[in-house]
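Working notes, beginning with the structure itself.
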Amino acid sequence: MYPWDVSWLAREVGRSTPKHTLSAAILKGASWQTPSWQANRRVAFMRTDETAAPNFWMCEDVQIRFEQTARKLEQAIQTAESVQNKIPKSYQTIFGKSIEELKAFRIRVLAYAYHLRETNLANLIRGASQYGLEINKKNIEELRAVMVKDQQNMGAEEPIGAAIRMLDTDPKKFLKTYFLPWAQSGKNQDWADWGSAANWTITSPNEYFEKK
């Protein structure tokens, strides 16, 4: 269920942070620009480039797979906690740490799912506005609900609190401020710079991207 095949960086979920950017999700690929690397990785991964925005349907497909993963992890956590007291004492410590790992994994998977859904909903709303179509109020309602869940998952009031308040008071300004697409900045990727958790979060751009 977990979409390991979306990108080489998907395997680095343990280094990521649930506090993603509030720009559009991009599903970062990872690749060296050599024929051998490109040929081999394109066989295995949906994303190898580091810059081009994924289309709506790829975002939705990966989002649903992250959600499925989170649901299965929740079932595993509930089962593990229900039998935790029955585990032999010699295994209690390692068993408890395994539950902590499952919980941390679920938080990060949900962060990816929420960011992708927020991006698609914002694009739907923005697209309707740009073409003079009536905005679907259900899209606004769902976007707000997802952002509230995302806020809880991040474990912090801000920065997403400010985005929620702006969505409530000025939706047009919100669409001009949040979940906007990014473009390649023109800088070359330096793998020595991948030390921070934010750089391992595959839905968030890093310094190699800039706002359009």
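The values are calculated or read from the model by the stated rules, or taken from the named source; none is laboratory data. These numbers were taken from a predicted model, which means no experiment stands behind them. Here the Cβ positions follow ideal geometry from the backbone for every residue, glycine too, while neighbour counts run over all protein chains shown.
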Counting only residues that are touching a Gly at 6+ places or on another chain (Cβ under 9 Å) and either outside any strand (DSSP E or B) or modelled with pLDDT of 90 or more (or both), how many does segment 1-14 have?
3
Evaluate segment 12-29: report whether one residue or more is farther than 14 Å from THR201 by Cβ and not acidic (Asp, Glu).
no
Please find, within segment 1-33, the residue that is farthest from PRO54 (Cα to Cα) out of those that are without any contact (Cβ under 8 Å) to a residue 60 or more places away in the chain and of a type in the set (D, E, K, R).
ARG11
